[in-house]
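Where a number appears in this text, it was derived from the coordinates with a stated rule and is not lab data. Computed from a predicted model, the values in this text were never measured in an experiment. Positions of Cβ are backbone-derived with ideal geometry, glycine not excepted, and every protein chain shown enters the neighbour counts.
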Amino acid sequence: MATATPSASVEGLRRQRRRPWLTDRRMAFLFIAPSVILLLAISIFPLIWSVYLSFTRYKVTGIEAPVWVGLSNYHTILTNNDLYDDWHIFQVTAVIVFCAVTLEFLLGFGLALILVRKFPGRGLILTLMLTPMMLAPVIVGLFWRFMLDATFGVVNYMQSAWLHLPRVDYLDQPNTAIGSLIVADVWMWTPFMLLISVAGLSAIPRYLTEAALVDRASAWFRFRQITLPLVWPLLLIALIFRTIDAIKLFDLAFTLTGGGPGQSTLTVSYLLFTKAFNDYDTGSSSALAYIILIMVIALANIYIRNLNKVASA
Amino acid sequence: MAQQVVAAPAATREGSGGPPVILIAVGRALLAAALALAVIFFLFPIFWIVSTSFKDLRDADSPVPHFFDFTPTLDNYRHIFVQTQQTATGGTTSVSTDFPHFFFNSIVIDVAATLLALVLGTLAAYGFSRFPVPAKNDLLFFILSTRMLPPVAVLIPIFLMYTNLNLVDTYHGMILLYTTFNIPFAVWMMKGFIDEIPREYEDAAMVDGYTRFQAFYKVIVPQALPAAAATSVFLLITVWNEFVFATQLTQTATRTAPPGIAAAQTMGGIDWGLISAVSTLFVLPVVIFTFLVRNYLLRGVTFGAVRR
């Protein structure tokens, strides 16, 4: 190590005589300030500005200055008097988030129970299966759109030629389009649940399960009383991340369904984007942004409270 | 099913006390089948896109899919760079496409934003890790919370701000934006890593006469380099994949690949071979990077919340 060489210490002693300009306090400030300033300027300032905008009637493309309208934007959305069927869009989002996250959780945890065992090729399979979550959602949307195509899609070919089922134009009917979106999201994010579940399961101390075996505890008992309680906090963290991210779902829907057919796969984030950049309805979209934000914070709080309860128990 | 998995390895060892051998064999076969199905489900789409990228127009857009029975061609990859077009006189000319430009922009913006965020994030992480900062936990939580917001929520005001400051469709505007987005991640990841470097290293260096700053860049920085490399891979991937802000804040000059590729599907008559080739090319660096950081993956995707 460089620090131990004699030349360094001699040079160092010479330096020490001078009083350093860079005290620890100054250094802490200089190190932290740039990051905080950048965040304040580019994340927090816009956020505060949009609180104001959410109380105004304003179009970015218009020449009129923002007009103060009070709570009217919020009122319009929450009473469903909008151009869009907001309540329906909130319901669709809830269905997508709930189904996708539940499936990802079950599949990811189930696969983790298999992959936590040691067998040849395990590392390779695990690494390969983790790739989908690192891909760009826009690209994943394109992949699935191609595979689900009614005439050229490989999925339709497989189901008609191999399973003798009728062809389905998945992206052309509301229910199947929502289903497709869920499948694509599950494909992309199950690996995330898998990764965290494998980590949680492999961290369970072996002596615990072995002690239970000596006591002739049933398999279900061991799973319920040892495995689950030990991995649950980690799974909750994974659920928090996934739920918040699923509410943000936009890129994937943009290329997979384009929000259609009609407005059937418009999620709240997609609606926000449409309001802001197709309709240029800045005031209303800012209000919607805050409604989503409050929902996200509320959901995160429920999870965190549950997490604290688990942690303290 | 689930509980059998945990039970099986120990049960076989125990012999007489466990379930009959035949049941264990059936259980294992079922598990293997389930795993095989899952592997097919998760890997088939990737195989399909990569193989389509090597098919000519007839094989790619065929109602009867060609799984392996096609003659591979590199035409799609050539078309990413040059495309032939019919001229008015009936001949054909080569036209360059926008894709190389998109990729170039993605690389420039990505590398610059990643390096900046890494430097700023490491400095802040060191500050938080080693100094008694007032309201440290609040500040750290504040930094994290900016990343939890749905990005669309800040998109509108940032769009307005960028329009007023003439930052729309500029390299420095995009670099600044992505740097800011990546700072929370860089700070949290690097703080976790720097926390793990023993303080004794710097203390020893300072006893030897180094100033605090010298100790930072001569002792801590070299120690933290592997961690910084892993962190930067996650930053690179995040910016590389970003779509929402890129569609609104870039136009022609700085348009990055994700909105560029997304737009390709609307250019009348989808050329799936070409789109597959572009996607494969776009995804390739991400797959390589993911492989390189596979041991840090858990830490990376949970914001450093889960170590091990």
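Take every Cα pair under 8 Å whose residues are at least 6 apart in sequence, average their separation, divide by the length of chain A, and the relative contact order is 25 percent. Rounded to two decimals, what ratio of Rg to Rh does the range A:32-148 give with C-alpha atoms and a Kirkwood Rh? Over the Cα atoms of the range A:32-148, Rg/Rh equals 1.15. In plain terms, the chain from A:Gln91 to A:Ala150 could stretch by 18.5 nm, reckoned as 0.36 nm per residue minus the Cα-Cα distance.
Farthest towards the positive end of the charge dipole of the protein assembly as shown, among the residues B:His66, A:Phe105, A:Tyr270, is the Cα of A:Phe105, using unit charges on the Cβ of Lys, Arg, Asp and Glu.
Here the range A:25-42 is scanned for amide nitrogen atoms under 14 Å from the site 7 Å beyond the Cα of B:Phe142 along Cα-to-Cβ, giving A:29, A:32-42.
Once both labels are positioned 7 Å from their Cα atoms along Cα-to-Cβ, the gap between A:Ile302 and A:Val51 label points is 2.5 nm. Between B:Leu115 and A:Ala161, the distance separating the two model label sites (each 7 Å from Cα on the Cα→Cβ line) works out to 5.0 nm. Under the classification rounded if a/c is under 1.5, otherwise prolate if a/b is larger than b/c and oblate if not, where does the range A:152-198 fall, given a ≥ b ≥ c as square roots of the Cα gyration tensor eigenvalues? The shape class here is oblate. Computed 3J(HN,Hα) for the range A:269-276, one whole-Hz value per residue from the Karplus formula 6.51 cos²θ - 1.76 cosθ + 1.60 where θ = phi - 60°, is 5, 5, 4, 4, 5, 4, 4, 6, glycine and proline marked x. Its convex hull of Cα atoms gives the range A:22-73 a direction-averaged projected area, equal to a quarter of the hull surface, of 5.3 nm². Think of each Lys and Arg Cβ as +1 and each Asp and Glu Cβ as -1; about the Cα centre, that makes the dipole of chain A roughly 1860 debye.
Once the convex hull of all Cα atoms in the range A:161-266 is built, its volume per residue stands at 154 Å³.
Charging the Cβ of each Asp and Glu at -1 and of each Lys and Arg at +1, and nothing else, the dipole of the range A:115-268 about its Cα centre rounds to 660 debye.
The value of relative contact order for chain B, using C-alpha pairs under 8 Å at least six residues apart, is 24 percent.
In deg cm²/dmol, rounded to 500, what helix-only [θ] at 222 nm does the protein assembly as shown give when every DSSP H run of at least 4 residues adds -39500 (n - 2.57) and the total is split over its residues?
-22000 deg cm²/dmol
Summarising the label geometry, the points placed 7 Å from Cα in the beta-carbon direction at B:Leu284 and A:Trp232 lie 4.8 nm from one another. About its Cα centre, the dipole of the protein assembly as shown is roughly 2340 debye, where the only charges are +1 on Lys and Arg Cβ and -1 on Asp and Glu Cβ.
Return B:Glu242, B:Glu196 ranked ascending by Cβ neighbour count within 10 Å, so the fewest neighbours appear first.
Listing B:Glu242, B:Glu196 from fewest to most nearby Cβ atoms yields B:Glu196, B:Glu242.
Projecting the Cα atoms of A:Ile32, A:Pro46, B:Leu165 onto the charge dipole of the protein assembly as shown (Cβ charges, centred on the Cα centre) puts A:Ile32 farthest toward the positive pole. Pairs with C-alpha atoms separated by more than 28 Å, drawn from the list A:Lys275/B:Lys55; A:Lys309/B:Lys136; B:Lys191/B:Lys218, are A:Lys275/B:Lys55.
If R0 equals 41 Å, the separation of the Cβ atoms of A:Val214 and B:Tyr201 corresponds to a calculated FRET efficiency of about 0.35.
In which sequence would B:Asp110, B:Asp203, A:Asp245 go, from the one with the fewest C-beta neighbours within 10 Å to the one with the most?
B:Asp203, A:Asp245, B:Asp110
When the scattering of the protein assembly as shown is computed by the Debye formula from its Cα atoms alone, each counted once and equally, what is log10 I(q)/I(0) at q = 0.07 Å⁻¹? At q = 0.07 Å⁻¹ the computed log10 ratios are -0.52. The Rg/Rh ratio of chain A, with both radii computed over alpha carbons and Rh defined as the Kirkwood radius, is 1.10.
Which residue, B:Gly91, A:Thr61, A:Leu78, has the largest displacement toward the positive end of the dipole of the protein assembly as shown when charges sit on each Cβ (Lys, Arg +1; Asp, Glu -1)? Going by the charge dipole, the pick is A:Leu78. In terms of other Cβ atoms within 10 Å, B:Phe104, A:Phe241, B:Phe234 run from fewest to most in the order B:Phe104, A:Phe241, B:Phe234. If R0 equals 41 Å, the separation of the Cβ atoms of A:Tyr280 and A:Phe29 corresponds to a calculated FRET efficiency of about 0.50. Kirkwood's formula applied to the C-alpha pairs of chain B gives a hydrodynamic radius of 23.7 angstrom.
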